[in-house]
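Here's the structure we're looking at; comments come further down.
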Amino acid sequence: MKKLMTLLMMVLIIGLLAACGADDDTAGDTEEDTDATTGATQVVVEDEESLLSGVSNDGAWIVIFEGDLETSEELVLTGGFENNDEPARKLALYTQDEDRVIIDQFTLTAPSITIENENTRIQGGTFAGDVYVKADGFSIPDGTIDGNVYFASEEYQESADLTGGTVTGTVEVE
């Protein structure tokens, strides 16, 4: 009887462990990954609706593009998002290989984008429109702004890093 109880307990424990470790077949089918403490960590932009959702307060710290996109909406990149416990937002206008080498770059066209999240990057592609910066730490590594960049204060301009990128228009405090 003792052997039967031990065997039954082992079967129950193995069953529990198998159930806890089971993979959900639909996990890779979503367009956003989530983190239990900070909400969505990334969102893949496929159309205007996913773009507007991705840059919103309910979006993600990184907004990933897989092609050119155009909108007539004035965009606002807002929210208190973080990456590695630091405030951050990133528009990833590129795809990369497994070695993180950029293989394709894309253009996001909009009348304007307002940056309200600290340490925001527009990276690896082109934003065609004007950029209004209302936060510290704005940068454009390997990116292009095909328009003007307006900083809400000298402090925001001084904290920005526009090296490594290109601005075709003016850069000024407004």
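Got a number for carbon plus sulfur as a percent of segment 38-151's accessible area, 1.4 Å probe?
Result for segment 38-151: 36 percent of the exposed heavy-atom area is carbon or sulfur.
As a test of reading the structure, rank Glu82, Glu49 by solvent-accessible area (1.4 Å probe, protein chains only), most first.
Most to least solvent-accessible, the answer reads Glu49, Glu82.
If I ignore ligands, DNA and RNA and count only protein heavy atoms, how much of Asp85 is accessible to a 1.4 Å probe, in Å² to the nearest 10?
130 Å²
How about segment 52-109: which trypsin sites (Lys or Arg not before Pro) there are in a DSSP loop, with at most 16 other Cβ atoms within 10 Å of their Cβ?
Arg100
With the Cα gyration tensor of segment 77-174 giving a ≥ b ≥ c as the square roots of its eigenvalues, does the rule (a/c under 1.5 for rounded; else a/b larger than b/c for prolate; else oblate) give rounded, prolate or oblate?
Oblate is the answer for segment 77-174, as a/c is 1.5 or above yet b/c matches or exceeds a/b.
Would you mind calculating the relative contact order of segment 104-174 from Cα pairs under 8 angstrom and at least 6 residues apart, reporting the percent as a whole number?
Across segment 104-174, relative contact order equals 28 percent.
Is the shape of segment 97-154 best called rounded, prolate or oblate, per the rule: a/c under 1.5 gives rounded, else a/b larger than b/c gives prolate, else oblate, with a ≥ b ≥ c the square roots of the Cα gyration tensor eigenvalues?
Oblate, because a/c is 1.5 or more while a/b does not exceed b/c.
The values are calculated or read from the model by the stated rules, or taken from the named source; none is laboratory data. All figures in this text were calculated on a predicted structure; none of them were measured in a lab. For neighbour counting, all protein chains shown are included, and Cβ atoms are generated from backbone atoms with ideal geometry for every residue, glycine included. These area figures cover heavy atoms from the full protein model, side chains too; ligands, DNA and RNA do not enter into them. Shrake-Rupley method; radii C 1.70, N 1.55, O 1.52, S 1.80 Å.
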